[in-house]
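The values are calculated or read from the model by the stated rules, or taken from the named source; none is laboratory data. Just so it is clear, the structure is predicted and the values come from calculations on it, not from any experiment. Protein only, heavy atoms only, side chains kept; ligands, DNA and RNA dropped before computing areas. Shrake-Rupley method; radii C 1.70, N 1.55, O 1.52, S 1.80 Å.
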Amino acid sequence: MPSAAAPVTAAPETPTRTPAPTPTRTPPAAERVYAYVKQAVLERRYEGGMLLTEGELAEAVGVSRTPVREALLRLEVEGLMKLYPKKGAMVLPVSAQEIADVVETRLLVEEHAARKAVPAPPALITELEAQLAKMEELAASGDLAAVSVADRCFHAAIVRSAGNQILDRLYEQLRDRQLRMGVAVMHANPDRIAKNIAEHGEILRALRAGDADAAVDAVHRHVSWVRNLAQGDVR
């Protein structure tokens, strides 16, 4: 008679191990100071002409003075601060020349991008509608720094849609200056906030209609008003 088959023994189950949570790394002290001061400058909590000392910044962030010096040197290279040995660092005001330079660069990039955006893909229109709605909501809450961010996101979406990575990187380099100027101008001219939003609506309608000339014209008028305000020509 054939021998009975040997019973099959099940392999022991390997216990399931729950992966250990990845520890959250605290950014280096100099990086924390850099982020803190830069954000305060962009949001105009530290205004142009204000003199900051290493001691007060070290206390505000909870670090020693050494990383504060490193952060301030980095901000000086970026053109946001001017260091004075043994005195501190002054927040550099936004000059009329800087405004004119930024506006000129924005017009070159954004007018080109607006023309190339036509016909606008549905995804771009949806993104612009969302940013415009966000601007209206933030303006109603009075958060001007956040309004400035949404404003820039609106324009950056149009620039990205052009599909030119070099222009996109160039535009990204203007980010900090745009945010800082936007907050400063809105503080000085609060009546412009509603006009600003309305002009974004004009750009959106032109793109939605597929009218490249109207889109370029709306972008030109909208971006140029910053330079007009710097020159004292408020409209």
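Over the chain, what is the relative contact order in percent, taking alpha-carbon pairs closer than 8 angstrom and at least six residues apart?
Numbers: 235 pairs, mean separation 49.6, N = 235.
Relative CO of the chain lands at 21 percent.
Probing with 1.4 Å while keeping every protein chain in the model, the per residue accessible area of the chain equals 58 Å². If you take the alpha carbon atoms of segment 101-235 and fit the smallest convex hull around them, that volume is 90 Å³ per residue.
Normalised radius of gyration (Cα atoms, divided by 2.2 N^0.38 Å) for the chain: 1.48. Taking a straight line from the alpha carbon of K195, these aspartates and glutamates sit under 18 Å away, with near neighbours fewer than eight places off in the same chain left out: E129, E136, E137, D143, D151, D217, D233.
Kirkwood hydrodynamic radius of segment 164-235 from all distinct Cα pairs, in Å? List each step's numbers first, then the result.
Details: mean 1/r = 0.0741 Å⁻¹.
For segment 164-235, inverting the mean 1/r across all distinct Cα pairs yields 13.5 Å.
Carbon and sulfur: what percent of the chain's accessible surface (1.4 Å probe)? Accessible surface attributable to carbon and sulfur in the chain totals 55 percent. Under a GNM of the chain (C-alpha, springs under 10 Å), which listed residue has the highest mean-square fluctuation: K86, K116, K134? Ranking K86, K116, K134 by mean-square fluctuation puts K86 first.
Sorting E78, E110, E104 by accessible area (1.4 Å probe), largest first, what list results? Don't jump to the answer; show the numbers that get you there.
Numbers: E78 65, E110 5, E104 105 Å².
Highest to lowest solvent-accessible surface, that is E104, E78, E110.
Convex hull volume per residue, computed on the Cα atoms of segment 29-149, equals 142 Å³. Within the chain, the whole DSSP H helices whose Cα atoms reach 24 Å or more along their own axis and whose mean Kyte-Doolittle score is at least -1.0 are 96-116, 122-141, 144-161, 192-209, 212-230. Within a straight-line Cα-Cα reach of under 23 Å, K38 can be paired with the following lysines, leaving aside sequence neighbours fewer than 8 residues apart in one chain: K82, K86, K87.
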